[in-house]
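Undergrad: Here's a structure for you.
The values are calculated or read from the model by the stated rules, or taken from the named source; none is laboratory data. Note that the structure is predicted; figures quoted are calculated from it, not measured. Backbone-built Cβ (ideal geometry, glycine too); neighbour counts: all protein chains shown. Each accessible area value is taken on the protein alone, full model and side chains, heavy atoms only, with ligands, DNA and RNA left out. Shrake-Rupley method; radii C 1.70, N 1.55, O 1.52, S 1.80 Å.
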2 protein chains.
Amino acid sequence: MTESPLPIAVLVSGAGTNLQALLDTVHGHEAEVVAVASGAPGALALERAAAGGVQTRVFERSDHADREARDEAMADWLVERGARLLVLAGYMELLSAAFLERFPDAVINVHPSLLPAFPGLHAIEQALAYGVKVFGVTVHFVDEGCDSGPVILQRSLELPDARDPGEVLQALRPIEHSLLPEAVRLFARGAVSADPRNPRRIVIAPQVGESS
Amino acid sequence: MTESPLPIAVLVSGAGTNLQALLDTVHGHEAEVVAVASGAPGALALERAAAGGVQTRVFERSDHADREARDEAMADWLVERGARLLVLAGYMELLSAAFLERFPDAVINVHPSLLPAFPGLHAIEQALAYGVKVFGVTVHFVDEGCDSGPVILQRSLELPDARDPGEVLQALRPIEHSLLPEAVRLFARGAVSADPRNPRRIVIAPQVGESS
């Protein structure tokens, strides 16, 4: 079990509150955020990263021949920065298979629903339209599908009277901001593995002393 | 607001533990179970009903020309018994549109997942195969689809280490046995309605004195 922080990179698109949560919690402790990449310039998340002294780079699709070429350039930079775990924090684009193969079992995402319910965009609006009484947050491994990879952590919140997406988002945000750092911590101490009998089932090793 | 118990009927297929929960809680109080119907003979649920002094009848498909004819005979009997709410408690068959039209907005079901995740048979096994960390129970209105009607009540249970369906079932059963009677109580006091702006969103009126 290593004592040095795990080098992680964060992929962002928007306001970057989940990036901020990582900078405020695990950064400099269990993990070190060594790179922040964005698919678009101007994301507030990039300012947060710069303010935290983290190197940033923008990979716009229009600067590359196609999505694959863009993803390849981004992967090259992230490898060069030494990232061993990639965290999608509001990153709104699918990643190509070739990109994911560069970081096997080392790309995670946070999503504002109890997957497999309500994958994709506007998860909270989808849930409200369906009329659910229980909402939640999922941290999961990223595969080529849309929010379809194995679940690492989930937390639920009963909001039986919810009707406003903003209100639900406000209620789920603190859960995201605790669940994502928790997943990074678990990953950093090597506590996250797949059940050999069902690789979709992620096993979290209990924290027991320094032995084994 | 009526003081007399709401006449309800329960449709069963199996062991009938949810029927037993209704007999032990709301029966003789907010509701009166006036009929128990089964699609198959020999269900333990029928014995529970008889032991509770409730009239029972079996509607086997083989005794009727087709499913529609069977459903019609069952609906006739349930109307005759005066049932104003039908509760599916482990009833394993889809109900025809014609049947449901006889009891508009008055057929409810309990399902061992947080719908819309894992509808249909073997919900717990489906959830374990997916690898979820949060399980739950849904009480919902029944429509022609499979577990697709509007949600009335939901309750979640975090079981991050679950691997055995029997263990999950044991954990969810007490939730079913509290959620289903709770839904019947709410229905009996007229507290369950659809949001006119989104009929999929079921509104539960708060219990406030006798006014309005």
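Undergrad: Using a 1.4 angstrom probe on protein heavy atoms only, which residues from segment A:82-116 are buried by at least 50 Å² of accessible area when all chains are present rather than their own chain alone?
TA: A:Pro116
Undergrad: So, with +1 on the Cβ of K and R and -1 on the Cβ of D and E, and no other charges, what is the size of the charge dipole of segment B:74-189 about its Cα centre, to the nearest 20 debye?
TA: 360 debye
Undergrad: If you average the C-alpha positions of segment A:45-60 and of segment A:168-212 separately, how far apart do those two centres end up, in angstrom?
TA: When both Cα centres are located, 26 Å separates them.
Undergrad: Between the DSSP loop rule and a limit of at most 11 other Cβ atoms within 10 Å, which GluC sites (Glu not before Pro) in segment A:1-62 are left?
TA: When the GluC sites (Glu not before Pro) of segment A:1-62 are filtered for loop state and at most 11 Cβ neighbours within 10 Å, A:Glu3, A:Glu60 remain.
Undergrad: Please list the radius of gyration and Dmax for segment B:10-138, considering alpha-carbon atoms only, with Å as the unit.
TA: 15.3, 46
Undergrad: Same structure again: So how compact is segment A:65-192: Cα radius of gyration and Dmax in angstrom?
TA: Here Rg and the maximum Cα pair distance are 15.6, 48 Å.
Undergrad: Among B:Val79, B:Val58, B:Val34, whose mean-square fluctuation peaks in a Gaussian network model of chain B (Cα, cutoff 10 Å)?
TA: Residue with maximal mean-square fluctuation among B:Val79, B:Val58, B:Val34: B:Val79.
Undergrad: How big is the dipole moment of chain A about its Cα centre under a simple scheme where the beta carbon of each Lys and Arg is +1, that of each Asp and Glu is -1, and everything else is neutral? Debye, nearest 20, please. Mind dumping the intermediate values first?
TA: Values: 17 positive and 28 negative charges, 74 e Å.
Value, rounded to 20: 360 debye.
Undergrad: P(r) for segment B:171-212, please, calculated from all Cα pair distances in 5 Å bins and given in %.
TA: Distribution as computed: 6, 20, 20, 21, 18, 10, 3, 1 percent.
Undergrad: Got the A:Ser148 label distances to the other copies yet, label 7 Å along Cα→Cβ, in nm, shortest first?
TA: With the label placed 7 Å along Cα→Cβ, A:Ser148 yields 2.0 nm.
Undergrad: While we're on this one: At R0 = 22 Å, how high is the FRET efficiency between B:Ala69 and B:Leu44 if r is their beta carbon distance? Nearest 0.05 is fine.
TA: 0.25
Undergrad: Using a 1.4 Å probe and counting only protein heavy atoms, arrange B:Asp147, A:Asp71, B:Asp63 so the residue with the most accessible area comes first.
TA: B:Asp63, B:Asp147, A:Asp71
Undergrad: Please grab the % of Cα pairs in the protein assembly as shown that end up more than 36 Å from each other.
TA: 38 percent
Undergrad: Rounded to the nearest 0.05, what FRET efficiency do B:Val208 and B:Leu157 give with R0 = 35 Å and r taken as the Cβ-Cβ distance? Could you check?
TA: My answer for the efficiency is 0.75.
Undergrad: Can you tell me the accessible area per residue over segment B:1-136, all protein chains present, probe 1.4 angstrom, in square angstrom? Before the final figure, lay out each step's value.
TA: Details: 5720 Å² over 136 residues.
Per-residue accessible area for segment B:1-136 comes out at 42 Å².
Undergrad: Kyte-Doolittle cut-off 0.0, length cut-off 30 Å along the helix's own axis using Cα: show which whole DSSP H helices in chain A pass.
TA: A:165-188
Undergrad: Then there is this: Ordered shortest first, which distances in nm separate the 7 Å Cα→C-beta label point of B:Gly166 from those of the other copies?
TA: Its label point is 5.2 nm from the equivalent points in the other copies.
Undergrad: Determine the distance separating the Cα centre of segment B:1-31 from the Cα centre of segment B:111-146; give it in Å without decimals.
TA: Spelled out, the Cα-based centre of one part sits 23 Å from the other.
Undergrad: Taking all protein chains as present, what is the carbon and sulfur share of the accessible area of chain A, in % to the nearest whole number, probe 1.4 Å?
TA: 53 percent
Undergrad: While we're here: Find which of A:Ser13, A:Leu44, A:Ala194 sits farthest along the positive direction of the dipole of segment A:6-204, computed with +1 on the beta-carbon of Lys and Arg, -1 on that of Asp and Glu, about the Cα centre.
TA: The one lying farthest along the dipole's positive direction is A:Ala194.
Undergrad: Next question. I need the inter-copy label distances for A:Ile204: point set 7 Å along Cα to C-beta, values in nm with one decimal, smallest first.
TA: A:Ile204 label point versus its equivalents elsewhere: 2.7 nm.
Undergrad: Counting protein heavy atoms only and a 1.4 angstrom probe, how many square angstrom of accessible surface do chains A and B bury in total, to the nearest 100?
TA: 2500 Å²
Undergrad: In a shell of Cβ-Cβ distance under 12 Å around A:Pro150, excluding A:Pro150 itself, what net charge do Lys and Arg (+1) and Asp and Glu (-1) give?
TA: It works out to a net charge of -1.
Undergrad: Follow-up question, since we're still on this one. Provide the solvent-accessible area of A:Met92, counting protein heavy atoms only and rolling a 1.4 Å probe, rounded to the nearest 10 Å².
TA: Its heavy atoms expose roughly 120 Å² to the probe.
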